[in-house]
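No lab work stands behind these numbers, since they all come straight from the coordinates. Because the structure is a prediction, the values reported are computed rather than measured. Glycine also receives a Cβ, built like all others from the backbone with ideal geometry; neighbour counts cover every protein chain displayed.
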Amino acid sequence: MIRYKPLAEETARHIRRKLSGLPEVGLITGTGLGAGVPEMSATVDFDYRDLPHFSRSTVAGHPGRLSVGRVADRLVMACKGRFHLYEGYDPLEVTFPIRVMQELGVSRLIVTNAAGGLNPDFAPGDIMQIRDHINLTGANPLCGPNENRWGPRFPDMSRVYDGELGALAQRKATATGVTLRQGVYTGLRGPSLETPAEVRFLKIIGTDAVGFSTVMETIAGVHAGMRVLGLSTITNVNDPDRPAPATLEEIVAVANAAAPRLAAVLEAVIAEI
């Protein structure tokens, strides 16, 4: 079995040599949301392919670059593009950037994604604060031997998404003129989109938005003791009685259009963390 901690330590050392300080905040962006990263100053950039042990983003809308820079007075480590189970990566590969962040001392994690809306009150372009999640991927990044130096064998998941960060996001969204929805995100393995019957099932169990990411990284973040804020950009709304095809191009277009509003909220949140 691959021992990921020494690999994460090596990647963290590679990044640290280029930095003048250590990041406090980690950010993972979703499909089409690279522009959702707030403007950063004094940026140090890395291509994923140049980072030891990092995987490659293979999905359109994921630039595959890591940037470390300042937002307000906070040093932020932003992964512009993520890895997914459906790409063939295992849960430890998907969450490897979180472990590198952990080795660099990141204590707050912000995860964003593009998601399909199931709540009929949502509209494409809405941003939803993730209040809780349901893991239907059939996977968990904590399976196998526990790395005790990273976190406990059985981390508590009763407050996965930090209440104070969520309240801060709500306040800052209001101040920037953005309506921030709230809801439950369900993570699936993908890559096939949901059938109408699956949409009905997901609604019955309390899903407000659904996607193929975020859950693995959030579990790893909680295991690492990070405070987590999750935000979903709603790219389409699924009505099982009137199913309509959704294409990646349409999803990316909606995410791109919402990215500036997402960036404004994130900048305001990070400035006050």
Karplus-derived 3J(HN,Hα) from phi for segment 220-233 (6.51 cos²θ - 1.76 cosθ + 1.60, θ = phi - 60°), whole Hz, x at Gly and Pro, runs 5, x, 5, 4, 7, x, 7, 8, 10, 10, x, 9, 10, 8
Net charge (Lys, Arg +1; Asp, Glu -1) of residues whose beta-carbon lies under 12 Å from that of residue 103, residue 103 excluded, is +2
Sorted by chain and number, the residues with a modelled amide H under 5 Å from that of residue 82, at a separation of 5 or more or across chains, are none
Most packed first (mean Cβ within 10 Å per residue), the peptides 5-11, 95-101, 79-85, 145-151 order as 95-101, 79-85, 5-11, 145-151
So residue 53 and residue 17, fully extended at 0.36 nm per residue minus their Cα-Cα distance, gain in nm 11.3 nm
Contour minus Cα-Cα span, residue 247 to residue 139, at 0.36 nm per residue, comes to 36.3 nm
Note to self, the chain gives a 222 nm [θ] from helices alone (DSSP H runs n ≥ 4, -39500 (n - 2.57) apiece, / all residues, nearest 500) of -9000 deg cm²/dmol
Convex hull around the C-alpha positions of segment 186-238: the volume in Å³ per residue is 88 Å³
Within segment 79-214, the percent of DSSP beta bridges that are antiparallel, given to the nearest 5, stands at 15 percent
Note, segment 11-26: 3J(HN,Hα) by Karplus (6.51, -1.76, 1.60, θ = phi - 60°), whole Hz, Gly/Pro = x, goes 5, 4, 5, 4, 6, 4, 4, 8, 10, 9, x, 10, x, 9, 10, x
Once the in-chain neighbours fewer than 8 apart are removed, the aspartates and glutamates whose Cα is under 20 Å from residue 203 read 121, 126, 132, 194, 239, 241
Along segment 128-138, Karplus-curve 3J(HN,Hα) (6.51, -1.76, 1.60; θ = phi - 60°) to the nearest Hz, with x for Gly and Pro, reads 10, 6, 6, 7, 6, 9, 10, 9, 10, 6, x
Looking only at aspartates and glutamates whose Cα falls under 14 Å of residue 5's and that sit 8 or more positions away or on another chain, we get 93, 103, 147
extent check for segment 4-272: Cα max minus min per principal axis, descending, whole Å, gives 54, 42, 33
Mean separation of Cα contacts under 8 Å (at least 6 apart) over the residue count of segment 4-272, i.e. the relative contact order in percent, is 28 percent
Once both label points are put 7 Å beyond Cα along the C-beta direction, the residue 153-residue 5 separation in nm becomes 1.5 nm
Plugging the Cβ-Cβ distance of residue 164 and residue 42 into 1/(1 + (r/R0)^6) at R0 = 22 Å yields, to the nearest 0.05, a FRET efficiency of 0.20
